[in-house]
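Data first, discussion second: the structure below is written as structure tokens.
Readers should treat all values here as calculations from the given coordinates under stated rules, not as data from a laboratory. On a predicted model such as this, the values are computed, not experimentally measured, just so you know. No Cβ is skipped: glycine too gets one built from the backbone with ideal geometry, and neighbour counts run over all protein chains shown.
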Amino acid sequence: MSEKKRPLLEELKKGPWPSFVKEMEKSAHNSKTAELLDLLERSYEDKTGHWKHGGIVGVTGYGGGVIGRYTDLPEEFPEVREFHTMRVNQPSGWYYTSDALRTLCDIWEKHGSGLTNMHGATGDAILLGTTTEHLQPCFNDLSEAGFDLGGSGSNMRTPSCCAGPARCQNACIDTLDLCHNLTNTFQDYLHRPSFPYKFKIKISGCANDCVASIARADLSIIGTWRDAIRIDQEAVKEYAAQGYDIQGLVVDKCPSQACTYNAETQEFTVDNPNCVRCMHCINKMPKALRIGKETGATILIGGKATIVQSAFLSWVIVPFMKLEKEDDYAELKDLIERIWEWWDENGKVRERVGELIYRKGMREFLKAVGLPPVPQMVKHPRANPYFFWWPDEIISSASGDAEAEAAAGAEVEK
Amino acid sequence: MAELTNEELRAKILEYLNKVDKAKNKDVATAIGALKRDVDKVINELAKEDILEFLYLGTSYVRIKGKE
């Protein structure tokens with residue numbers, strides 16, 4: 001381990017929170033990791049990063065999965081002169097066997113620094129720190145062991161999903177199967193970047209959205225149901241008998257006031273047509289309430305962090321899609337391909353699909369991908385529809401509906 | 001424009017990429033007057049054959065392998 005003092009990194013170890021510095025120091029017997037810490041200390045001293053990003057690194061036939069990292073101080077820090085990152089496609093729901101994890105770590109100790117990040121924001125297993133000459137041999141060993149690289153660059157990023165039906169009673173769809181299926185179907189889009197920019201797909205089994213797809217995915221697939229919430233009235237009575245505040249904690253917090261509770265009869269009811277499937281009541285009384293039987297998914301588009309435009313949450317484009325395993329999710333895949341085609345045709349370099357929709361308008365997008373406008377397409381819930389009719393779709397009354405024409409006209413000008 | 005065979009498309013893509021340092025797939029498609037989805041397929045084949053490589057400079061580009 002390097003004997004250098006790192007006073008600024010020492011500061012990062014103080015406090016009650018876990019420190020990445022502490023974790024990295026555990027691996028600092030490795031000269032690469034020790035130098036990595038020294039370089040980080042230097043960055044804090046200089047108040048600037050000392051990494052150059054990008055360039056050409058990769059493995060034969062692939063354009064994604066490897067991120068080139070070079071320090072701009074190679075003479076001073078020769079061990080991290082090249083410190084490339086490899087992204088490994090994670091299994092659906094991040095279910096690994098111990099053997100698989102050991103194999104992954106053994107490969108990385110052989111070819112890289114041994115440092116990992118389990119997992120990155122996209123979901124991949126991130127292997128930090130190797131040299132250009134080790135990339136292909138490492139990839140070969142990973143392939144031999146059954147692993148594939150994930151996405152990086154302007155391509156479809158590694159799809160990810162929540163734990164799903166394997167251990168969650170709320171899963172409305174088989175997230176694991178869908179994620180695996182989409183990954184295999186769109187492998188070319190994952191490995192060879194041909195899009196204007198990145199495209200992330202994240203799948204949550206219910207509206208609890210445990211993979212935060214609505215905030216982080218260009219295409220969010222969120223499990224839901226379209227019939228009625230199942231209610232076990234005996235279990236409701238048990239909650240009441242235990243003194244649980246059903247009115248205050250469940251009914252009063254329902255965002256669409258769809259829940260009611262009769263304290264005298266201890267009966268709980270849901271006005272299902274007005275329920276927005278937010279899962280709040282189910283989360284609060286899981287022994288009494290369950291998701292409906294007729295399940296599928298809501299499809300949303302455009303979520304992303306702040307880069308060019310501000311941060312976007314994704315917007316509903318299909319309120320309910322059945323997602324049939326039997327037909328290989330054909331309806332969803334067909335929609336995805338239509339979205340890509342429009343984005344490819346119209347997107348500027350480094351423009352995410354949500355930004356393109358923002359620039360061109362939801363009306364253009366829906367027309368191009370062949371989706372009908374529906375009431376669920378709102379910019380701000382229960383307030384602000386952001387679809388405007390095409391002028392030729394407005395039938396003016398004999399006296400002329402000036403307001404409607406003005407609204408359509410305003411959208412056209414925009 | 002008449003539909004190009006795979007071989008013709010390969011030749012046109014390589015001819016174009018030989019003229020430029022790097023390009024997005026979309027630029028290649030526009031320059032040679034082909035559909036992007038057809039260009040994507042051929043570029044993928046050429047990458048698998050190690051004839052083309054991808055370059056990341058804020059966004060991804062493609063170029064002839066080793067071409068500076």
Reachable lysines from B:Lys22, criterion Cα separation under 29 angstrom, eight or more residues apart if same chain: A:Lys52, A:Lys198, A:Lys200, A:Lys304, A:Lys348, A:Lys360, B:Lys12, B:Lys36, B:Lys41, B:Lys48, B:Lys65, B:Lys67
So if I take the alpha carbon set of the range B:6-64, get Rg, then get Rh from the Kirkwood formula, what is the Rg over Rh ratio? 0.91
Mind checking which lysines have their C-alpha under 16 Å from A:Lys293, skipping anything on the same chain fewer than 8 residues away? A:Lys322
Neighbour net charge for A:Pro319 - beta-carbon separation under 10 angstrom, K R +1, D E -1: +2
Where labels lie 7 Å past Cα in the beta-carbon direction, separation of A:Arg81 and A:Gln136 in nm: 2.0 nm
Can you spot the aspartates and glutamates whose alpha carbon is less than 15 Å from A:Lys26's alpha carbon? Ignore those fewer than 8 places along the same chain. A:Glu3, A:Glu10, A:Glu35, A:Asp38, A:Glu109
Once phi for every residue in the range A:227-243 is put through the Karplus expression 6.51 cos²θ - 1.76 cosθ + 1.60 (θ = phi - 60°), the whole-Hz ³J(HN,Hα) values, with Gly and Pro written as x, are 9, 10, 5, 8, 10, 9, 5, 5, 5, 4, 4, 5, 4, 5, 5, 7, x
Between A:Lys47 and A:Gln309, the two model label points (7 Å from Cα along the beta-carbon direction) sit apart by a distance in nm of 3.5 nm
From the phi of every residue in the range A:262-272, what ³J(HN,Hα) in whole Hz does the Karplus formula 6.51 cos²θ - 1.76 cosθ + 1.60 yield, where θ is phi - 60° and glycine or proline is x? 9, 5, 6, 8, 6, 10, 10, 10, 10, 7, 4
Any chance you could give the angle, 0 to 90 degrees and rounded to 10, that helix A:31-46 forms with the longest Cα principal axis of chain A? 70 degrees
The longest stretch of chain A containing none of the GluC sites (Glu not before Pro) that sit in a DSSP loop with at most 13 other Cβ atoms within 10 Å is A:76-263
Could you tell me whether the range A:1-159 comes out rounded, prolate or oblate from its Cα gyration tensor? Rule is a ≥ b ≥ c as square roots of the eigenvalues, rounded for a/c under 1.5, then prolate if a/b exceeds b/c, otherwise oblate. prolate
For chain A, take the longest principal axis of its alpha carbons; what is the angle in degrees between that and the long axis of helix A:175-185, to the nearest 10 within 0 to 90? 60 degrees
Degrees separating the helix A:98-111 axis from the principal Cα axis of chain A, which is the longest one: 40 degrees
Where labels lie 7 Å past Cα in the beta-carbon direction, separation of B:Arg37 and A:Glu109 in nm: 4.8 nm
Partner chain Cβ atoms within 10 Å, averaged over the residues of A:59-70 - can you pull that number for me? 3
Apply the Karplus curve 6.51 cos²θ - 1.76 cosθ + 1.60, θ = phi - 60°, to the phi angles in the range A:148-163 and return the couplings in whole Hz, x for Gly and Pro. 10, 7, x, x, 7, x, 8, 9, 6, 7, 3, x, 9, 8, 7, 4
Explain nothing, just the number: dipole magnitude of chain A about its Cα centre with +1 on each Lys and Arg Cβ and -1 on each Asp and Glu Cβ, in debye rounded to the nearest 20. 700 debye
Grab the Cα-Cα distance for A:Thr265 and A:Ala241, subtract it from 0.36 nm times how many residues apart they are, and report the gain in nm with one decimal. 7.4 nm
